[in-house]
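What follows is a set of notes on a single structure, which appears directly below.
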Amino acid sequence: MSDIPTAGALSPGDTIGILGGGQLGRMLALAAGPLGLDCHIFCPDPDSPAFRAAKTATVADYTDAAALKAFAEAVDVVTYEFENVPAETLAHIAPHAPIRPGERSLSICQDRLSEKHFLTEAGIAVAPYAAIDSVDDLKAALADIGAPAILKTRRFGYDGKGQTKLHSADDAARAFDEIGGQPAVLEGLVDFRIECSVVVARGLDGATAVYDIAENAHANHILKFSRVPAAISEKTATEAGELGRRVATALDHIGVLAVELFVVGDGADERLVANEIAPRVHNSGHWSQDGTAASQFENHIRAVAGWPLVAPARHFDVEMENLIGADVDRWPALLAEPGAHLHLYGKREARAGRKMGHVNRVRPIANAPKSMR
Ligand code: AMP
């Protein structure tokens, strides 16, 4: 353990504990290396891709009190790569190590309803919404919000899972049944032009670093492409950056977060509607690895270490393509493609829908002066 007496900053040689052993944990551990920090991954899956990039691994369940205590005692700070960390897990860790980002970021972002309340209170536009606990609630909310609309479970939804579309009040019983009758939120359908996201890092001292806005395209509810710059006005891009900053500050967040946004209208009518917050490094920020002064992973590590952030100046236009399932078989061609930076996650089995890697295609910034190209 570190014996630094100051306000929670780590020293080189200290250890960052990471809950979750997927590709995000792996890329966090890979970013910690050059900063002289070690990582200890905690994950129940013995074949976690992050294990091979970290110094230490614990294979145990997220409710294993003894394993969590030993893990927390062995590290200098704990962070996480996924937002569904059980509150119980945090309770076992908290007496032994600081947790960054903190409990507030997780508790608000784990529940779509509290997330929507939080965004609304922060003055950020969201789709019209209502809390749903029964088919009757759903019928009443549909009368209010109108159809089409989307019903989403409050908890544990991702990549389009735990949600279903409704076209009229006749769909109410079917839709509530389809999401398993769980507590849910009904959202009005937003007629968006494009989807984008803002990725922001916030340090222990409250300083923020905002990445350029990415434009996101999905296939089968899974992110397929992120492109920077996004096809939005400069004014909207500035607003999105401010929005990200406001969310991070209002959460008192330490580390990276992403806010997924709908862009509605264009020209002077362009405006932003927030969809959801991911209180962690995010797939739509992967472009930063090859396009900026410091990736989202480096800034997350710096933030949770209590170190200064790097201003993430963008050096390239970038297209990030996710390699999903058998896409990864294209690796030889991608390795040979000029301007393409391949990132593979070391997963042994390329199942359909599984994120296996990504490629960042960089190009000189289109509107930069010739001398900079
Ligand atoms: P989510 O799980 O909330 O990120 O939603 C997955 C995807 O569904 C989003 O990226 C959108 O493409 C679409 N979607 C979700 N909510 C809405 C909405 N209220 N209006 C329109 N499209 C939506």
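The values are calculated or read from the model by the stated rules, or taken from the named source; none is laboratory data. If you're wondering where the values come from, they're calculated on a predicted model, not measured in any experiment. Cβ sites come from the backbone with ideal geometry, for glycine too, and all protein chains shown count toward neighbours. Accessible surface areas use protein heavy atoms only, side chains included; no ligands, DNA or RNA. Shrake-Rupley method; radii C 1.70, N 1.55, O 1.52, S 1.80 Å.
Some notes on this structure:
- Within region 97-125, the residues that satisfy the criterion of being of a type in the set (A, V, I, L, M, F, W, C), surrounded by 22 or more Cβ atoms within 10 Å (Cβ to Cβ) and within 13 Å of the ligand (Cβ to nearest atom) are C109, L119.
- Selected residue (only one of H92, H167 is in contact with an Asp or Glu (Cβ under 9 Å, 6 or more places away or on another chain) and open to solvent by 30 Å² or more (accessible area, probe 1.4 Å)): H92
- Filter pass, D159 being loosely packed, with under 15 Cβ neighbours inside 10 Å, touching a strand residue (DSSP E or B) at 6+ places or on another chain (Cβ under 6 Å) and modelled with pLDDT under 95: yes
- Within region 260-279, residues that are open to solvent by less than 50 Å² (accessible area, probe 1.4 Å) sit with their Cβ atoms under 9 Å from residues that are polar (S, T, N, Q) and away from the ligand (no atom under 14 Å from the Cβ), at 6+ positions apart or across chains, in these pairs: V263/T236; E270/S233; E270/T236; L272/T236; I277/S105; P279/S105.
- Qualifying residue in region 285-295 (condition: touching a residue at least 40 places away in the same chain (Cβ under 8 Å) and within 16 Å of the ligand (Cβ to nearest atom)): yes
- In region 184-203, the residues that are under 25 Å from K224 (Cβ atoms) form Cβ pairs under 7 Å with partners that are among the basic types (K, R) and within 12 Å of the ligand (Cβ to nearest atom), at six or more places apart or across chains, as follows: E187/K152.
- Residue satisfying all of: in region 170-179; over 17 Å from R112 (Cα atoms) and within 16 Å of the ligand (Cβ to nearest atom); most open to solvent (accessible area, probe 1.4 Å) among these: E178
- Matching residues in region 180-205 - criterion: being part of a strand (DSSP E or B) and either open to solvent by 70 Å² or more (accessible area, probe 1.4 Å) or away from the ligand (no atom under 16 Å from the Cβ) (or both): V200, A201, R202
- Test: residue in region 232-251 that is buried (at least 20 other Cβ atoms within 10 Å of the Cβ) and in a strand (DSSP E or B): no
- Leading residue by the ranking (surrounded by the most Cβ atoms within 10 Å (Cβ to Cβ)) among those in region 214-231 that are part of a loop (DSSP other than H, G, I, E, B) and away from the ligand (no atom under 15 Å from the Cβ): P229
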